[in-house]
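The values are calculated or read from the model by the stated rules, or taken from the named source; none is laboratory data. Keep in mind the model is a prediction, meaning the values are calculated, not measured. Counting neighbours? That spans all protein chains shown, and the Cβs are built from the backbone with ideal geometry, glycine included. Each accessible area value is taken on the protein alone, full model and side chains, heavy atoms only, with ligands, DNA and RNA left out. Shrake-Rupley method; radii C 1.70, N 1.55, O 1.52, S 1.80 Å.
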Amino acid sequence: PTMAHSEALLVLENFIGGKFVPCSSYVDSYNPSTGEVYCRVPDSGKEEVEAAVKAAKDAFRLWSSRSPLERSQILNKLADLIEEDLEAFAQAESKDQGKTVKFARTVDIPRAVHNFRFFASSILHHVTECTEMPAMGCVHYTSRAPVGVAGLISPWNLPLYLLTWKIAPAIACGNTVVAKPSEMTSVTAWMMCKLLEKAGVPPGVVNVVFGTGAKAGEALVCHPDVPLISFTGSTLTAQRITEKSAPHCKRLSLELGGKNPAIIFDDADLSQCIPTTVRSSFANQGEICLCTSRIFVQRGIYNEFLKKFVAETKKWNTGHPSDPTIDVGALISKEHLEKVRNYVKKAQAEGARVLCGEGVDSLALPPGNQKGYFMLPTVISEVKDESCCMQEEIFGPVTCVVAFDTEEEVIERANNVKYGLAATVWSRNVGRIHRVAHRLQCGLVWTNCWLVRDLNLPFGGMKASGIGREGAKDSYEFFTEVKTITIKH
């Protein structure tokens, strides 16, 4: 590229001890909708993580001794500042991640704001326990204290949304943090850092180190002074984090992948079910760990469902993320697009039918987006349960629709994967909904809806979908140490 072009690149810096610090080497970050490099992200390693952990340790004593009310006010101020800048954050998130501006504007950034407000409020309402033993003349009570420096590693699909879902409870509880966003989507985290001082967050309370998992993530996970790691990402990376943390006995919260079933019984209200299931399959390009990628439809309505579902899917437009008529933006990277496409090829090779999308319909893109990582929402039918398309997390705009006969059979098939994050069940029969919900092996079950979240309640998965739960009480328990004190009087 010419000099003029390279000067226009956005260059991020690490945020350590309240200051932006340049890095000696950088990695490229691409704009997924054009396929061009638009940003340089620090390629941090041991040294940078060391400096960030030191800053976080130095800030811990003062921050943890502040009252919950003082911390709460600061979190609320930060929420206000992000909200004032909502449009700039939404535009940046879209450009960096490939998602539509519409999605970033209505989901990602409002949720990031809500994360700070929610934990600013919830921290004021936690209570500790007390029991008495009159016969022994003893009273017991518990106290909770922040743990120390929290290592927070967040993914590229919902960048600021998932980063703030970790930072907010961590600092609300009085911990200090070293965060590492994905190197593919670091811009909104960097923008947030610019607001921290104005919000009143003391230097060193929130440190952000940019870079790859292999270098920066590894250094953070292996650091002896980081007692706690919260990670959202792949099961494979989580296994590595678990191994590296074991010698230090770190506490872990791991939110991993899903292969989430939608179970649609023949008494489902299709007027609600179809649009919602299209959304639960393709929202954010299917790059949400809660997306439904296995749709089980009872045989009596299978043909009708399939016809309507494909028709509704075809109404979703793919194209430039800032175009307000677009529903599906670009996938995160060239490699990821290739991987998702390969799943569709494998399905075809196994004899499955691709009803719409990849390889079936043509994709017309604006001139500037020809090199972007776009893919049409794709519906596959006649897939066998053992196919990799039904077993592995594809994490793209691809969903498989299959028929089932009985309740008993569909529960068994729905549970027959290594993941257990979420499920959706569609039926008008309340008894059936409760029965099925109880027997599904997953941490979240939505019935006759999708992705309706109450942050008070536990969020997380079973099996290969992770360890631990996050939510008001659960996050508080994760980010604090409990102590039981006995007094004899």
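Report the relative contact order of the chain, percent, no decimals, based on alpha-carbon pairs under 8 angstrom and at least 6 residues apart. Each step should come with its number before you reach the end.
On the way: 1112 pairs, mean separation 90.1, N = 489.
Computed value for the chain: 18 percent relative contact order.
Holding the Cα-Cα limit at 32 Å, pick out from Lys57/Lys259; Lys54/Lys102; Lys77/Lys463; Lys250/Lys473; Lys54/Lys99 the pairs that are longer than that. Could you put the intermediate results ahead of the total?
Numbers: Lys57/Lys259 39 Å; Lys54/Lys102 39 Å; Lys77/Lys463 38 Å; Lys250/Lys473 20 Å; Lys54/Lys99 35 Å.
Lys57/Lys259; Lys54/Lys102; Lys77/Lys463; Lys54/Lys99, as the Cα separations exceed 32 Å there.
Per-atom-type breakdown for segment 261-447 gives carbon and sulfur 49% of the accessible area (1.4 Å probe, protein chains only). Close Lys pairs in segment 287-441, defined as Cα atoms under 19 Å apart and 8 or more places apart or on different chains, number 8. Magnitude of the charge dipole for segment 261-447, about its Cα centre and with charges confined to Cβ atoms of Lys, Arg (+1) and Asp, Glu (-1), is about 220 debye. With semi-axes defined as the square roots of five times the eigenvalues of the C-alpha gyration tensor, the equivalent ellipsoid of the chain measures 38, 31, 19 Å, largest first.
Please work out the Cα convex hull volume for segment 384-469 and give it in Å³ per residue. Don't skip to the end; give the middle numbers.
Working: hull volume 10.2 nm³, N = 86.
With only Cα atoms used, segment 384-469 gives 118 Å³ per residue.
Per-peptide packing, taken as the mean over residues of other Cβ atoms within 10 Å, places 170-181, 62-73 in the sequence 170-181, 62-73 from highest down. As a calculated quantity, the FRET efficiency between Ser24 and Leu365 at R0 = 35 Å, using C-beta atoms, amounts to about 0.40. Within the chain, antiparallel bridges make up roughly 45 percent of the DSSP beta bridges whose residues both belong there. Most tightly packed first, judged by the mean number of other beta-carbon atoms within 10 Å of their residues, the peptides 234-243, 410-419, 87-96, 183-192 read 183-192, 87-96, 410-419, 234-243. A full extension of the chain between Ala88 and Glu412 corresponds to an added length of 112.0 nm, given 0.36 nm per residue minus the alpha carbon distance.
So how do 134-146, 200-212 stack up, highest first, on mean other-Cβ count within 10 Å? All intermediate terms of the calculation are to be shown ahead of the outcome.
Details: 134-146: 12.7, 200-212: 23.5.
With the highest mean Cβ count within 10 Å placed first, the list reads 200-212, 134-146.
For the chain, with every protein chain kept in place, what is the accessible area per residue (1.4 Å probe, Å²)? Solvent-accessible surface per residue comes out at 42 Å².
Would you kindly state how much longer the chain becomes between Thr131 and Leu451 on full extension, computed as 0.36 nm times their sequence separation minus their alpha carbon distance, in nm to one decimal? Don't skip to the answer; put the middle values down first.
Numbers: separation 320, 0.36 × 320 = 115.20 nm, distance 3.87 nm.
Once the chain is fully extended between Thr131 and Leu451, it gains 111.3 nm.
Here the simple spin-label model places points 7 Å from the Cα toward Cβ, and for Ala214 and Ser65 these points are separated by 4.4 nm. Here Lys244 is the anchor, and the lysines within straight C-alpha reach of less than 18 Å, apart from those fewer than 8 places off in the same chain, are Lys46, Lys180, Lys215. Remark: spin-label model distance Lys314-His438 equals 4.3 nm, labels positioned 7 Å along the Cα→Cβ axis.
Express the carbon and sulfur contribution to the solvent-accessible surface of segment 59-154 as a percent, rounded to the nearest whole number, probe 1.4 angstrom.
Working: 2530 of 4410 Å².
On segment 59-154, the fraction of accessible area on carbon and sulfur atoms equals 57 percent.
Cross-link partners among aspartates and glutamates for Lys198, C-alpha distance below 18 Å, same-chain residues fewer than 8 apart left out? Candidates past the 8-residue exclusion: Glu70, Asp80, Glu83, Glu84, Asp85.
Over segment 57-208, all Cα pairs binned in 10 Å intervals from 0 give whole-percent P(r) values of 11, 39, 29, 12, 5, 3, 1, listed from short to long.
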